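Please read the structure below before turning to the comments.
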Amino acid sequence: MTSTNVDYYCAAFDADGKRIYSAICDFDPTKDKNTDKVQALKDKAKETVSDAAVIEIITAEDFNAYLDGKVRGSDGKPTDYIPPEPTETEKKTATINAIKAKYNSQLDAMVTARVKATMLGADTSKIDANYKNTLAAMATEIKNA
């Protein structure tokens, strides 16, 4: 069995430059006689991933870079992925989730204590008041976030 080197691939990328499809190009796409073959490869890619932003023939070197986590840059070459800055909504959601996480263990502990106190027939008014105060404190922090 002989091993063949692949020099080119047909690749499709989404709007963020992430490779979403690839196929081996087993011919030299730079030769004019292979223009129809190149178009057939691109058409097959478009059928497979109709939402592709870009479909192109890439070198094996670029393909390996995409396998290593690179994305297609605006210049058409592999580049490091730089996530976009979070939106204001995403930042606020993260802050609110952090506030809730801070209070959840306290609230859960109070619920458990209240269940035990109720089962024992004990007075739960202090637990109830503490629970309401903790909820109010959490609500205030969320409102001010």
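The values are calculated or read from the model by the stated rules, or taken from the named source; none is laboratory data. Because the structure is a prediction, the values reported are computed rather than measured. Cβ placement follows ideal geometry from the backbone for every residue including glycine, while neighbour counts extend to all protein chains displayed. Just so you know, the surface numbers come from the protein's heavy atoms only, side chains and all, with ligands and any DNA or RNA stripped out. Shrake-Rupley method; radii C 1.70, N 1.55, O 1.52, S 1.80 Å.
Counting heavy atoms of the protein chains alone, Ser22 has an accessible area of about 40 Å² for a 1.4 Å probe. If the chain linking Lys31 and Ser105 were pulled fully straight, counting 0.36 nm for each residue of separation and taking away their Cα-Cα distance, it would gain 20.0 nm.
Taking Cα centroids, how far is segment 77-97 from segment 43-69 in Å? So the separation of the two Cα centres works out to 25 Å. By definition, a body whose alpha carbon gyration tensor gives a ≥ b ≥ c is prolate when a/c is 1.5 or more and a/b is larger than b/c, and segment 75-145 fits this prolate description. Treating r as the C-beta distance of Asn133 and Ala94 and R0 as 22 Å, the FRET efficiency rounds to 0.30.
Summing +1 for each Lys or Arg and -1 for each Asp or Glu among the other residues whose beta-carbon sits under 14 angstrom from that of Tyr103 gives +2.
Using a probe radius of 1.4 Å on heavy atoms only, what accessible surface per residue do you get for the chain? Whole Å² is fine. Please list the in-between numbers first.
On the way: 10280 Å² over 145 residues.
Result: 71 Å² of accessible area for each residue.
Of the residues Thr35, Thr124, ranked by 1.4 Å probe accessible area with the largest first, the sequence reads Thr35, Thr124.
With the charge dipole of segment 34-145 set up from +1 on Lys and Arg Cβ and -1 on Asp and Glu Cβ about the Cα centre, the Cα lying farthest toward the positive end among the listed residues Ile142, Thr95, Asn130 is that of Asn130. Taking log10 I(q)/I(0) by the Debye sum over Cα atoms at q = 0.10, 0.17, 0.20 Å⁻¹ straight from the coordinates, which label in [x] -0.30, -0.90, -1.24; [y] -0.37, -0.92, -1.18; [z] -0.59, -0.96, -1.14 is the correct one? The calculated read-out lines up with [z]. Between rounded, prolate and oblate, where does segment 1-68 land on the alpha carbon gyration tensor, with a ≥ b ≥ c its root eigenvalues, rounded for a/c under 1.5, else prolate if a/b exceeds b/c? Since a/c reaches 1.5 but b/c is at least a/b, the shape of segment 1-68 is classed as oblate.
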